[in-house]
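The next block holds one structure in the form of structure tokens; read it before the comments.
The values are calculated or read from the model by the stated rules, or taken from the named source; none is laboratory data. Here the structure is a predicted model, which means the values were calculated and not measured. Here the Cβ positions follow ideal geometry from the backbone for every residue, glycine too, while neighbour counts run over all protein chains shown.
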Ligand code: NAI
């Protein structure tokens, strides 16, 4: 819907009206088309101002309509009619002009933005291209290089950056609408031809061909198999080399090939999953809409190592005063220096002042008397963490929330060490914590809904995608990672190399294969966990076989590397070789290949060629199988929660939706059949035995992913 009013005598004001973001639904498109027609044909109207209700210009297409047959006027003819009209149209941009919303603004002859507005063409993040002239008009407005950047990344820009780039004509901190009306009056009667972007020549770099080739190469490297960014470059190439009408034809063809693609479906599923996870629920029936978060005015972080530093930075950047605590002055000074420089660097990137005054560094727990919430990030050691929680419980206010950043330990045991176990939850951040978007909020059996709501709300304030999950070893993300990593080392025993495994996973779309990640984060991290689980080290019963633990197959290769001091990048060697400790460029290591051969012969293992298909099926399907077990156990509320965790925290390629979505896309019967095949071939690996939920789903006719929750419910009701 669009409201038509006449103001200031000769100005037609068209207001888009479709809460919450005035998306361009069929009714809105009809409303705009009718209103523009009316304004153009009314002789008393000299100029038009286009705006959106409730301080939001337009958030773009109505994604819900994608799945339905198209009704109402098309976006392209509507936009073309605005541009071709003989009266000036001024876009008054408040809040957002995104996707179709920005394309609509580009059809207007002038654009005025409020300084808080954000603009962008995020279609690529939904597996699409801006196909209402965005790929053709934006390069004609701001030049090919700048347009290519915005279109291929989908990044949003502030009004000030938009002004610098030339996307908008004015930025104001006053009433945008009033300024737009004044402006419309001032330009009425001026020639419109130069303002029509479709008639302009885009400004191109001198060596256009090599520029576009370079851009395509970079996009292909970054996109890791995603087709939409490649189509974006092709569309911008059309803008740079073809007349407008032919460019529009190309844009339409490229969009047609993307619109029904599996990748676009996967990315749109990711988009909706992010919203679904915000509507969290707990098995107790507590939910996002019946549990009230408490305000957090002041927080604390205990332990300022890798994680604590990033968490403190995140809190400060969100404007929350923080007490940052280390155990001794020496560590505190090192951490203070590190945190301050991250805050300064981040502030500089954003063109802002660092909020250094918000952070107080201390080694005294007594400084935590006034805080509303504490996030503990000390070493991963249960006894130490319990001690810290006992102390926190006696120092902090009785109603302070006590959170742990543990990556796998039992949240319930920590809660038991406090006076108010209902106020204890996990807040599992990912490294680096001020950069990574994911937060797992872990509720134990005693965590109160208020504590979960508060942690979820805090996550939102920190700009995180927060997912509420149940308490078990490794929660959702790390629990699923274990069988995946195990398969990868079993494959080495059977004949693969780290390079082969990594290449298969990277071609699938992961930014890094499992062995490169392991070198980056340090092999000692997993070593410590395995020691804690009694899989290696002094906890192992004497005489136990090196390749069997707790009755199932075990691969000691990572432990052997650790024992030799090969901890990954930090020691200059791990699964790969680096030029120096701390080096980043991984090279194949002949030593490692020899070592693998010797290991196999020592254990009587026959190497066989491992295909890329086997790598993917064994690594990914064992991870997916654990995902089904997590659903069955009620640790995650639905497949969307698991997929969001994997896309935002574990580098799962968004154009493949997430592991559970991928299982549905491959076909659940296929996943089941492959798991059955591999578990028969490897009966000593229980993780390969198909989960009962997967079997049930297949028996139920493999329903689409949005129906899985119903099947899970029947499983739970029968328990
Ligand atoms: P880290 O070893 O880098 O830092 C731990 C810090 O805690 C050290 O600076 C140490 O001095 C301090 N500390 C130890 N005892 C203390 C005490 N009693 N009071 C105050 N400070 C104390 O460890 P990292 O990697 O930051 O991990 C911290 C926690 O976060 C662990 O539970 C870990 O499992 C978890 N985690 C780690 C991730 C990672 O990628 N490193 C990812 C997600 C969670």
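Below, the figures for the structure above:
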| read-out | value |
| --- | --- |
| Residue 303 vs. criteria in contact (Cβ under 8 Å) with a residue 24 or more places away in the chain, at positive phi, buried (at least 16 other Cβ atoms within 10 Å of the Cβ) and within 16 Å of the ligand (Cβ to nearest atom) | yes |
| Total residues in the stretch 375-407, condition near the ligand (Cβ under 7 Å from one of its atoms) and assigned to a loop (DSSP other than H, G, I, E, B) | 7 |
| Verdict on residue 564 being at pLDDT 95 or above, more than 24 Å from residue 683 (Cβ to Cβ) and away from the ligand (no atom under 16 Å from the Cβ) | yes |
| Selection within the stretch 502-518 - part of a loop (DSSP other than H, G, I, E, B) and touching a residue at least 40 places away in the same chain (Cβ under 8 Å) | 509, 510, 511, 512 |
| Some residue of the stretch 250-272 being within 30 Å of residue 203 (Cα to Cα) and without any contact (Cβ under 8 Å) to a residue 12 or more places away in the chain | yes |
| Residue match in the stretch 306-317 (condition: more than 16 Å from the ligand (Cβ to nearest atom), in contact (Cβ under 8 Å) with a residue 12 or more places away in the chain and surrounded by fewer than 24 Cβ atoms within 10 Å (Cβ to Cβ)) | yes |
| Residue match in the stretch 342-354 (condition: touching a strand residue (DSSP E or B) at 6+ places or on another chain (Cβ under 8 Å) and either within 16 Å of the ligand (Cβ to nearest atom) or in the same structural domain as residue 160 (by TED's automatic domain parsing) (or both)) | no |
| Hey, residue 435 in contact (Cβ under 8 Å) with a residue 60 or more places away in the chain, over 17 Å from residue 374 (Cα atoms) and surrounded by 24 or more Cβ atoms within 10 Å (Cβ to Cβ) or not | no |
| Some residue of the stretch 599-613 being over 20 Å from residue 487 (Cα atoms) and surrounded by 18 or more Cβ atoms within 10 Å (Cβ to Cβ) | no |
| Condition met for residue 372 (more than 7 Å from the ligand (Cβ to nearest atom), modelled with pLDDT under 95 and over 26 Å from the mean Cα position of the chain (by Cα)) | no |
| Hits in the stretch 697-708 - residues which are surrounded by fewer than 17 Cβ atoms within 10 Å (Cβ to Cβ) and either in a helix (DSSP H, G or I) or not assigned by TED's automatic domain parsing to the domain that holds residue 657 (or both) | 699, 706, 707 |
| Of the criteria (1) away from the ligand (no atom under 16 Å from the Cβ); (2) modelled with pLDDT of 95 or more; (3) closer than 30 Å to residue 424 by Cα, which one residue 275 fails | (2) |
| Qualifying position, being over 25 Å from the mean Cα position of the chain (by Cα) and touching a residue at least 12 places away in the same chain (Cβ under 8 Å), among 653, 669, 683, 659 | 669 |
| Which listed residue, of 250, 246, 234, 331, is in a helix (DSSP H, G or I), outside the structural domain of residue 346 (by TED's automatic domain parsing), modelled with pLDDT of 95 or more and over 30 Å from residue 657 (Cα atoms) | 246 |
| Candidates 194, 202, 145, 229 - the one that is out of contact with any strand residue (DSSP E or B) (no Cβ under 8 Å at 6 or more places or on another chain) and free of Cβ contacts under 8 Å to residues at least 60 places away in the same chain | 194 |
| Hey, residue 365 within 13 Å of the ligand (Cβ to nearest atom), under 24 Å from residue 471 (Cα atoms) and buried (at least 16 other Cβ atoms within 10 Å of the Cβ) or not | no |
| Enumeration of residues in the stretch 212-225 that are under 26 Å from the mean Cα position of the chain (by Cα) and either closer than 16 Å to residue 121 by Cβ or assigned to a helix (DSSP H, G or I) (or both) | 215, 216, 217, 218, 219, 220, 221, 222, 223 |
| Any hit, the stretch 617-635, residues being buried (at least 18 other Cβ atoms within 10 Å of the Cβ) and more than 18 Å from residue 476 (Cα to Cα) | yes |
| Of all residues in the stretch 408-429 being in a helix (DSSP H, G or I) and in contact with a helix residue (DSSP H, G or I) (Cβ under 7 Å, 6 or more places away or on another chain), the one that is nearest to residue 465 (Cα to Cα) | 423 |
| Residue check, residue 457 part of a helix (DSSP H, G or I), outside the structural domain of residue 424 (by TED's automatic domain parsing) and at pLDDT 95 or above | no |
| Failed criterion for residue 292 (all others in (1) surrounded by 16 or more Cβ atoms within 10 Å (Cβ to Cβ); (2) away from the ligand (no atom under 15 Å from the Cβ); (3) over 25 Å from the mean Cα position of the chain (by Cα) hold) | (1) |
| Matching residues in the stretch 522-560 - criterion: being within 16 Å of the ligand (Cβ to nearest atom) and in contact with a strand residue (DSSP E or B) (Cβ under 7 Å, 6 or more places away or on another chain) | 522, 523 |
| When residues of the stretch 15-52 are limited to those that are more than 17 Å from residue 79 (Cα to Cα) and touching a residue at least 40 places away in the same chain (Cβ under 8 Å), the one surrounded by the fewest Cβ atoms within 10 Å (Cβ to Cβ) | 45 |
| Unmet criterion (only one of (1) modelled with pLDDT of 95 or more; (2) within 16 Å of the ligand (Cβ to nearest atom); (3) under 16 Å from residue 310 (Cβ atoms)) for residue 418 | (3) |
| Conditions (1) within 17 Å of residue 574 (Cβ to Cβ); (2) at pLDDT 90 or above; number of the one not met by residue 529 | (2) |
| Among the candidates 412, 471, residue that is within 15 Å of the ligand (Cβ to nearest atom) and under 23 Å from residue 283 (Cα atoms) | 471 |
| Lone unmet requirement of (1) within 16 Å of the ligand (Cβ to nearest atom); (2) within 19 Å of residue 441 (Cα to Cα) for residue 322 | (2) |
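Rundown of residues vs (1) surrounded by 19 or more Cβ atoms within 10 Å (Cβ to Cβ); (2) out of contact with any helix residue (DSSP H, G or I) (no Cβ under 8 Å at 6 or more places or on another chain), yes/no style:
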| residue | (1), (2) |
| --- | --- |
| 544 | no, yes |
| 553 | no, no |
| 561 | yes, no |
| 569 | yes, no |
| 577 | no, no |
| 583 | no, no |
